[in-house]
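Just so you know, all these numbers are worked out from the coordinates, no wet-lab data involved. Everything numeric here is computed off the predicted structure, so don't read it as measured data. So basically every Cβ, Gly included, is an ideal-geometry build from the backbone, and we count neighbours across all protein chains shown.
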Amino acid sequence: MRIVLLGPPGAGKGTQAARVCDAHGLVHLSTGDLLRAAVSAGSDLGREARAYMDAGNLVPDSLVLALVRERLNEQDADGGFLLDGFPRNVAQAEALDQDLGAEGIERVVNMQLEDEDIVRRLLARGRKDDTEAVIRNRLKVFRAETAPLIAHYEAKGLLQTVDAEGSMDEVFDRVQGLLANGARASS
Ligand code: B4P
């Protein structure tokens with residue numbers, strides 16, 4: 001299975017991605033995690049990405065695409081993968097479509113959550129980029145750059161929307177339900 005997990009910051013993409021990958025034996029590719037690892041390692045790419053991440057802006061496509069391509073070229077990705085936090089804009093989605101060719105993305109799960117729930121969850125997490133001002137900017141960037149992907153994948157007939165409110169177990173059950181029966185949830 002080749003899945004994209006879409007949704008605003010803090011919707012729980014990372015949380016659900018780990019569970020779905022465990023359940024289905026998929027490679028979990030989180031661009032947020034890869035970028036944070038590059039920042040911690042102090043690589044050139046990490047140094048360049050850091051200021052964008054601290055401000056809640058998108059890291060330039062060229063950097064993100066290099067990370068994704070490197071990971072997807074590893075052999076274990078041939079058995080299926082879940083993309084968590086990627087693509088984040090239409091240019092990234094188009095580059096992905098082109099890279100994957102005929103063996104494209106099969107499922108897109110769009111996690112929906114109200115802004116106030118997002119702010120509450122992220123303030124409770126307290127990562128460096130989880131201050132209220134940065135979270136609000138990430139939401140603005142999501143609406144301007146990432147939300148258009150909903151129409152992009154809807155037009156391809158791949159989009160399934162899931163309510164991300166509720167406990168982690170409740171949300172996981174909903175995601176598993178979608179993946180099991182392929183039913184299109186209403187958005
Ligand atoms: P990400 O790492 O993708 O971070 P996120 O969107 O904030 O988190 P996610 O939705 O995965 O939420 P999580 O499960 O952690 O991005 C960080 C930054 O990296 C971006 O701002 C950007 O700068 C850069 N970046 C990443 N990808 C990029 C790309 N493709 N292009 C350009 N730039 C990119 O959950 C959040 C919190 O909620 C956690 O504390 C969790 O425990 C909690 N939670 C989860 N589910 C819950 C539930 N059901 N109930 C209560 N709490 C819950």
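What to note about this one:
- Here the range 2-181 is treated with +1 on each Lys and Arg Cβ and -1 on each Asp and Glu Cβ, and its dipole about the Cα centre works out to around 420 debye.
- Anchor Lys128: aspartates and glutamates whose Cα lies under 15 Å away (excluding residues fewer than 8 positions away in-chain): Asp33, Asp54
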